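The values are calculated or read from the model by the stated rules, or taken from the named source; none is laboratory data. Keep in mind the model is a prediction, meaning the values are calculated, not measured. Reconstructed Cβ throughout: ideal geometry from the backbone, glycine too, with neighbour counts over all protein chains shown.
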Amino acid sequence: MLNIRNEVAVVGTGWSDVSRHSEKNLSQLVVQACGRALDDAGLIWDQIDGIATYPSTAGSGGSQEGVDSVGIAYFARTMGLRHLRWYISLDKGTVGHVLVAVINAVAAGASDYAVVWKAMHAPQGAFGRFASSSAPGDSQFTAPYGLANVVATFALPYSRYMSLYGMTREHMATFIVNNRKMTNLNPDAVFYTRPITREDYLNDKVVADPISVLDCDMPVDGAGAMVLTRAERAKDLKQKPAFVIGYSNSGNDYVGAPVMTLDGFRENSDRGARVLWENTGLGPKDVDMASLYDGFSYFPLFWLESLGFCKKGEAFEWIQGGRIELGGELPLNTGGGALGMGRLHGMPQLIEAVRQVQGVAGPRQVDGCEVALAHVGSAIHGSGLILFGKEADI
Amino acid sequence: MRQLVRRPLPVPSDLTQPFWDATREHRIVVQHCNTCSTFHHPPVPQCKSCRSVDLGWTQVSGKGEVHEYTIVRSSRVQGMEDSSYAVLAVELDEQPGLLLVGNLVNAGIEAARIGLRVEATFEEIGEDFVLPQFRPAAS
């Protein structure tokens, strides 16, 4: 069992303006997000003494600080922080891994008020382009065959799942439509004002079978931020705290194959889920709402199975009939996730889970939400699972 | 399948060079642990099963079945933008979970399906490389 329950809380969250291509540069969006998170908590910039991020960029070229990436060195220098004593930057696992590190640091007293942000810039041109005439490293066994497109790579485990269990795009349409319905209740979401129908999804353009455009999160310019502190300090602040119950990590394991596989995904997601429940002593029945990473639409289905909400091979049927809707058995991705909010590498999942236990999700609020689960990242490339709770004495 | 032009060329390392040397001779070899007989692809510095560093290379039949696949309809790979093509991950008969990637050749892309039996064939690309590919098995 993990020794961390109710020691740390998220006390503020904030989004920048998010759009397909912003007129503001990325550092200005980070200022917006962090400023709003601090306001939410009733804190000021000078109180920040710990900072953390996952500074990935969407493109494959070198990154330009302040333009397509905002890393910790740039942040510390430009935000004029005078009291920094702890910081971390991770290159694996999205914001999920980073948040776990922040939780540990705050619990240990290494930082009193820590800010974690994720900034993403949408480069001009087509996403995921492999623009090279040579294929080094692991790509030598895949890129010469035209398997370098991110979408094609991630399509492989999903193609096997659909074939094994008889899933069709009709099944997935239910998830897509419900997700967009939730998005249309979230003013922070890039697709807030854009509804879609089952027909829109079923007629959607296929990129690499079985994945179509609406199965992928859209690159955007935006940033999200959260502020964390120790539980005893949290109670005195402006916003209701979301207490950290516990967490686990998964991933960084291709399980021996040159490509992603269904078995490889499951080996990692099963382990991440098992460790989460062991670490916290809780289980699926204790969860009131789940935010499951949806960079690709099939991820939440695979994770529902690994987490034990349903059996292997059942998720595409389990999500039918209203189970994942707002009033259902397990409201899922109530903020619209990445599909609704844009490609923001895990912040949509985290911030929505926090806001649900804080009770500030407005029209998307799950009644009596006491425990929210956030999964962030890719099972194979690295992810974090975090449970948030409303009351400190859960 | 339409001819794909200007494929990205492999950049072999010390570990992977034997694979590409063999394909030039129209053979497929896979790294093989001399201690416990486990195959590894891509090759590794120590056996994942028994930690032995006594690793060799063994020729395989090139036969297997499609484990996963996708049909790329909107390519992002430089030099391959105009094509639609099937990419297969083939589970070789020699070991469960031993996967080799290839395109489906000698068949329309719609022939691709999980469970399809395939066999290796070889495609020369550039001056220095031969790629293993997969066609539907004869029988």
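Data overview
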read-out	value
Test: residue in region A:53-60 that is outside any loop (DSSP other than H, G, I, E, B), in contact (Cβ under 8 Å) with a residue 40 or more places away in the chain and under 26 Å from A:T280 (Cα atoms)	yes
Residue that is within 14 Å of another protein chain (Cβ to nearest Cβ), of a type outside the set (A, V, I, L, M) and assigned to a loop (DSSP other than H, G, I, E, B), where the choices are A:D204, A:D236	A:D204
Only listed residue being aliphatic (A, V, I, L, M) and closer than 27 Å to B:P43 by Cβ, chosen from A:A152, A:A101	A:A152
Those residues of region B:5-22 which are within 15 Å of B:P132 (Cβ to Cβ) and either of a type in the set (A, V, I, L, M) or more than 11 Å from chain A (Cβ to nearest Cβ) (or both), in sequence order	B:L9, B:P18, B:D21, B:A22
Cross-chain or 6+ apart pairs with Cβ under 6 Å, region A:229-246 first and β-branched (V, I, T), then assigned to a strand (DSSP E or B) and crowded, with 18+ Cβ neighbours inside 10 Å	A:T229/A:V11; A:V244/A:V8; A:I245/A:L387; A:I245/A:G389
Single condition B:A107 does not satisfy, out of (1) more than 10 Å from chain A (Cβ to nearest Cβ); (2) more than 30 Å from A:D204 (Cβ to Cβ); (3) within 18 Å of the chain's Cα centre (by Cα); (4) surrounded by fewer than 20 Cβ atoms within 10 Å (Cβ to Cβ)	(2)
Filter pass, A:L147 being within 30 Å of B:I125 (Cβ to Cβ), at the interface with chain B (Cβ under 7 Å from one of its Cβ atoms) and outside any helix (DSSP H, G or I)	yes
Unique match (being surrounded by 13 or more Cβ atoms within 10 Å (Cβ to Cβ), within 14 Å of B:E94 (Cβ to Cβ) and within 10 Å of another protein chain (Cβ to nearest Cβ)) among B:H40, B:H32	B:H40
Among the candidates B:D54, B:D21, B:D93, residue that is under 22 Å from A:P144 (Cβ atoms) and at pLDDT 95 or above	B:D21
Filtered residue count, region A:1-46, keeping only those that are among the β-branched types (V, I, T) and surrounded by fewer than 17 Cβ atoms within 10 Å (Cβ to Cβ)	1
For A:F191: the one exception among (1) at pLDDT below 95; (2) in contact with a Gly (Cβ under 6 Å, 6 or more places away or on another chain)	(1)
Qualifying residue in region B:91-104 (condition: facing chain A (nearest Cβ under 9 Å), touching a Gly at 6+ places or on another chain (Cβ under 9 Å) and in a loop (DSSP other than H, G, I, E, B))	yes
Residues of region A:162-194 classified as part of a loop (DSSP other than H, G, I, E, B) and either closer than 20 Å to A:L344 by Cα or of a type in the set (A, V, I, L, M) (or both), total	12
Residue count, region A:83-126 (criterion: among the aromatic types (F, W, Y) and either assigned to a loop (DSSP other than H, G, I, E, B) or free of Cβ contacts under 8 Å to residues at least 24 places away in the same chain (or both))	1
Test set (1) facing chain B (nearest Cβ under 10 Å); (2) over 23 Å from A:Y54 (Cβ atoms); (3) among the charged types (D, E, K, R) - A:D138 fails condition number	(2)
Every residue from region A:207-246 that is of a type in the set (S, T, N, Q) and under 18 Å from A:V98 (Cα atoms)	A:T229
Enumeration of residues in region B:43-71 that are among the β-branched types (V, I, T) and within 11 Å of another protein chain (Cβ to nearest Cβ)	B:V44, B:V66, B:T70, B:I71
Region A:132-160 residues that are free of Cβ contacts under 8 Å to residues at least 60 places away in the same chain, paired with ones that are surrounded by 23 or more Cβ atoms within 10 Å (Cβ to Cβ) and in a helix (DSSP H, G or I) (beta carbon under 6 Å, 6 or more apart)	A:A135/A:A143; A:A135/A:P144
